[in-house]
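These notes concern the structure reproduced below.
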Amino acid sequence: MGDIHQTVSTRERTAELVALRESVEAGDAAGTERQRAKGKLTARERIQLLLDKGSFTEVETLRRHRASGFGLETKRPHSDGVITGWGTVEGRTVFVYAHDFRIFGGALGEAHATKIHKIMDMALAAGAPLVSLNDGAGARIQEGVSALAGYGGIFQRNTAASGVIPQISVMLGPCAGGAAYSPALTDFVFMVRGTSQMFITGPDVVAAVTGEQVSQNGLGGADVHAEISGVAHFAYDDEETCLEEVRYLLSLLPGNNREAPPVEISEDPADRSCEALLELVSADGNRPYDMRRVIEEIVDDGQFIEVHERWATNVICALARLDGQVAGIVANQPMSMAGVLDIHASEKAARFVQLCDAFNIPLITLLDVPGFLPGVDQEHGGIIRHGAKLLYAYCNATVPRIQLILRKAYGGAYIVMDSRSVGTDLSFAWPTNEIAVMGAEGAANVIFRKRIAESDDPDATRAAMVKEYKAELMHPYYAAERGLVDDVIDPAETRAILSRGLRMLRTKHAELPARKHGNPPQ
């Protein structure tokens, strides 16, 4: 009599596993077609573009929710709508989670959230960057408060990881309601035009409450957040370009706050002469020029990535390499509002300085600033506290810091932009520099007001007083004579001098006073 129990072999069980994995990875064909129709890639295709080929290791592929009610008990797909794991970018470990819009519209439920919590904890423990590929419909309504609690766990982990590991949010679809706060807590936000949106309340709610009619992209599309709100740091036309730029950004960042950024051997000579700068920047302080061209001339191979390129354009924040070493560059942009500092520019630069300081990225500050923007709107909008954010960020930064004054450096804006008095390690100036409390014309009108008013020829007297003020207090060597500038340099030697300074400062060690945390201006 034969055995009534049929034994299933290990090989058969393994074949079942392989078939199950293949089914899960293939996903719903109809859902894939819907993604294609929207011009979007699938979650797995996005991960393949982000990570080095063949490097992805998935975690909890077979996870399923345990919720019931509203028909959920009859629909329990594996992965529960989010793919989590790790891989490499240029050989360095990166953790990732990607919403799968084909499953529940990428909506977050309890199991879904638990998977994200786990991969975030793993990234923090391993000391490696975390990239989220967002394409979800928000909280899974059928799971109620359990879904909301899942978001709370994500926010808590975003905050715990802030300044410890780089966190990058890539918006590749809708992100509404409380879900939008996780990207806002991360270091960088990427968006894709036409397919990604972020808003707290959607167009229908806005119309019902305020009567305003607006489309999803008009309310929270990539261009809105890249140009108006400042929520998005980068915006691109397609997913492929977006993910390639995420890879480039990761190549400039350390894995965590205990590491230095990766150094690359550069074929661009550190002592390369920058003769073009002599023609690019006019000695006439009223003639604008594009500061981006100055940066291109200074950095390795002219390559840099600009953060918030289209928001607060009067200041430039960029990451680049000099002599192979990563540096953060903060620079006034004379082509936009004459490079003046205002509320948005101060906020933009302050957060960038904090980011660089958190991740051991040296700072280079390029000054051509006529001051803070005057006006009732600026004062009522809180330019004092917003400008103080930038001042606080620089004063609090312990990374190597180098200041370079190209032309104008007037008043409080000069002090705020990493002057010697707030702790910059090295300060250099071009012979075209003008460091003063204010411009010569304004200063002369204040100091010599009575003499000008009593003069038989006020215009001639004013012109003479302006010339005298410039000769006495605004000549190129005034600050250097008082030790507030380390040297006045030939613009052509800028790259060589900055490279030498960074090389010297690589071993800089500075500590802040013991405290729980500061209380920066808000």
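The values are calculated or read from the model by the stated rules, or taken from the named source; none is laboratory data. The model shown is predicted, which means the values in this text are computed figures rather than measured ones. Positions of Cβ are generated from backbone atoms using ideal geometry, with glycine treated the same way; all protein chains shown enter the neighbour counts. Quick note on the areas: whole protein, heavy atoms, side chains included, nothing else; ligands and nucleic acids left out. Shrake-Rupley method; radii C 1.70, N 1.55, O 1.52, S 1.80 Å.
With the condition kept exactly as written, say whether any residue in the stretch 318-336 is surrounded by fewer than 18 Cβ atoms within 10 Å (Cβ to Cβ), modelled with pLDDT of 95 or more, more than 17 Å from the chain's Cα centre (by Cα) and not small (Gly, Ala, Ser). Yes, the stretch 318-336 has at least one match. Total residues in the stretch 251-261 satisfying the condition of being open to solvent by 30 Å² or more (accessible area, probe 1.4 Å) and either of a type outside the set (D, E, K, R) or farther than 23 Å from Leu124 by Cα (or both): the figure is 2.
Looking at the stretch 285-317, which of its residues are open to solvent by 70 Å² or more (accessible area, probe 1.4 Å) and more than 30 Å from Cys242 (Cβ to Cβ)?
Applying the first criterion (open to solvent by 70 Å² or more (accessible area, probe 1.4 Å)) to the stretch 285-317 yields 286-288, 293, 296, 301, 303, 309-310.
Within the stretch 285-317, Asn286, Arg287, Pro288 meet the criteria.
Scanning the stretch 497-521 for residues that are of a type in the set (S, T, N, Q) and exposed (fewer than 11 other Cβ atoms within 10 Å of the Cβ) yields Thr507, Asn519.
Filter the stretch 225-257 down to residues that are in a helix (DSSP H, G or I) and within 21 Å of Val89 (Cα to Cα), then give me how many there are. Walk me through it before giving the result.
We begin by selecting, within the stretch 225-257, every residue in a helix (DSSP H, G or I); these are 225-229, 239-252.
Checking the rest, the ones that are also within 21 Å of Val89 (Cα to Cα) come to 239-252.
Total meeting the criteria: 14.
In the stretch 428-442, is there at least one residue being open to solvent by less than 30 Å² (accessible area, probe 1.4 Å) and closer than 30 Å to His517 by Cα? Scanning the stretch 428-442 turns up no residue that is open to solvent by less than 30 Å² (accessible area, probe 1.4 Å) and closer than 30 Å to His517 by Cα.
Taking every residue in the stretch 1-28 that is more than 19 Å from Glu58 (Cα to Cα) and pairing it with any residue that is loosely packed, with under 10 Cβ neighbours inside 10 Å and modelled with pLDDT of 75 or more, at least 6 positions away or on another chain, yields no pair with a Cβ-Cβ distance below 9 Å. Residues in the stretch 376-407 that are outside any strand (DSSP E or B) and of a type in the set (A, V, I, L, M): Val376, Ile383, Ile384, Ala388, Leu390, Leu391, Ala393, Ala397, Val399.
When the stretch 258-289 is examined, which residues are found to be assigned to a loop (DSSP other than H, G, I, E, B) and acidic (Asp, Glu)? If you could, list the steps in order and put the result at the bottom.
Filtering the stretch 258-289 down to residues assigned to a loop (DSSP other than H, G, I, E, B) leaves 258-275, 281-289.
Scanning the stretch 258-289 gives Glu259, Glu264, Glu267, Asp268, Asp271, Glu275, Asp284.
Here's the yes/no breakdown for (1) surrounded by fewer than 24 Cβ atoms within 10 Å (Cβ to Cβ); (2) free of Cβ contacts under 8 Å to residues at least 24 places away in the same chain; (3) within 29 Å of Asn217 (Cβ to Cβ):
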position: Val131; (1), (2), (3): no, no, yes
position: Asp135; (1), (2), (3): no, no, yes
position: Val145; (1), (2), (3): yes, yes, no
position: Gly153; (1), (2), (3): yes, no, no
position: Val164; (1), (2), (3): yes, no, no
position: Ser182; (1), (2), (3): yes, no, yes
position: Met198; (1), (2), (3): no, no, yes
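For the stretch 382-423, the candidate set comprises residues that are open to solvent by 10 Å² or more (accessible area, probe 1.4 Å) and of a type in the set (S, T, N, Q); within that set, the residue that is farthest from Ala327 (Cα to Cα) is Ser421. The C-beta contact set for the stretch 499-513 (first residue free of Cβ contacts under 8 Å to residues at least 12 places away in the same chain and in a loop (DSSP other than H, G, I, E, B), second residue of a type in the set (S, T, N, Q) and loosely packed, with under 12 Cβ neighbours inside 10 Å, distance under 6 angstrom, 6+ apart or interchain) is empty.
If you go through the stretch 349-360, how many residues are surrounded by 23 or more Cβ atoms within 10 Å (Cβ to Cβ) and not small (Gly, Ala, Ser)? Before the answer, list the steps.
Keep residues of the stretch 349-360 that are surrounded by 23 or more Cβ atoms within 10 Å (Cβ to Cβ), which gives 349-350, 352-353, 356, 359.
The next check asks that each one be not small (Gly, Ala, Ser); those that pass are 352-353, 356, 359.
Looking only at that region, the number is 4.
Using the structure shown, decide if Glu244 is under 22 Å from Tyr392 (Cβ atoms), touching a helix residue (DSSP H, G or I) at 6+ places or on another chain (Cβ under 8 Å) and open to solvent by 20 Å² or more (accessible area, probe 1.4 Å). Here the answer is no, as Glu244 does not meet what is asked.
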